[in-house]
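Here the structure comes first, spelled out in structure tokens, and everything after it is commentary.
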Amino acid sequence: MKVWIDQDLCTGDGLCEEIAPDIFFGQDDGLFYVKESAAHFGEEKRFDGDANPAGSAGMARMPDTLESLDLLLISVAKPRLVQRDGIRFQGLRYLSPTLAGFVGKQVTIRYDPRDITEIRVFHNDKFVCKAVNPDHDNSVLSLKDIQAARVAQRKRVRSGLNERISVTARHRSTGQPPTPKPDTPRPEAKPKLKTYWEDR
């Protein structure tokens with residue numbers, strides 16, 4: 001399999017490099033080009049129109065196996081500790097039966113930022129399994145969705161704090177104690193998740 005970029009259609013947003021930095025790279029002209037990574041082919045070869053042709057004339061080879069393609073996904077630099085309830089990443093929990101044998105061990109994960117409902121787990125640079133987030137197993141959830149939800153939550157918290165600060169300041173100036181708002185009922189605690197047989 002080979003890949004190339006039509007520079008007449010390239011928008012220059014860098015999404016290709018963000019997803020697969022071992023294949024795509026940007027130049028000072030604001031466009032993106034393809035390359036063959038030294039990690040897969042022994043030496044790096046750039047198809048940027050200088051040393052090698054660009055566009056449809058310069059096609060970069062892709063790794064042959066699915067395992068090699070997995071290595072093109074974004075890797076999380078910080079190792080993750082496998083807990084009894086799976087792996088936690090970006091506020092989500094990922095499970096796989098295979099992870100039961102790795103509880104307490106450090107693993108590295110790779111993911112596709114367009115869909116983080118599934119991650120690939122590696123131990124000592126060897127593929128272990130795919131782990132899924134059971135809350136979103138039938139949907140597509142991107143890293144940008146997670147980040148947007150966090151920003152929205154921060155804005156809600158900040159607006160609530162600002163409202164309380166203004167009410168307190170207003171009542172301090174009048175000398176009257178603020179009237180407390182009725183407490184909102186707390187959601188019921190979820191039952192503890194039982195992942196493994198010995199948790200029963």
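Quick notes
- Pairs where the first residue, in segment 23-35, is touching a residue at least 40 places away in the same chain (Cβ under 8 Å) and the second is basic (Lys, Arg) and part of a strand (DSSP E or B), C-beta under 7 Å, 6+ apart: Ile23/Lys35
- Residue in segment 74-84 that is in contact with an Asp or Glu (Cβ under 9 Å, 6 or more places away or on another chain), modelled with pLDDT under 80 and hydrophobic (A, V, I, L, M, F, W, C) present: yes
The values are calculated or read from the model by the stated rules, or taken from the named source; none is laboratory data. Computed from a predicted structure; not experimentally measured. No Cβ is skipped: glycine too gets one built from the backbone with ideal geometry, and neighbour counts run over all protein chains shown.
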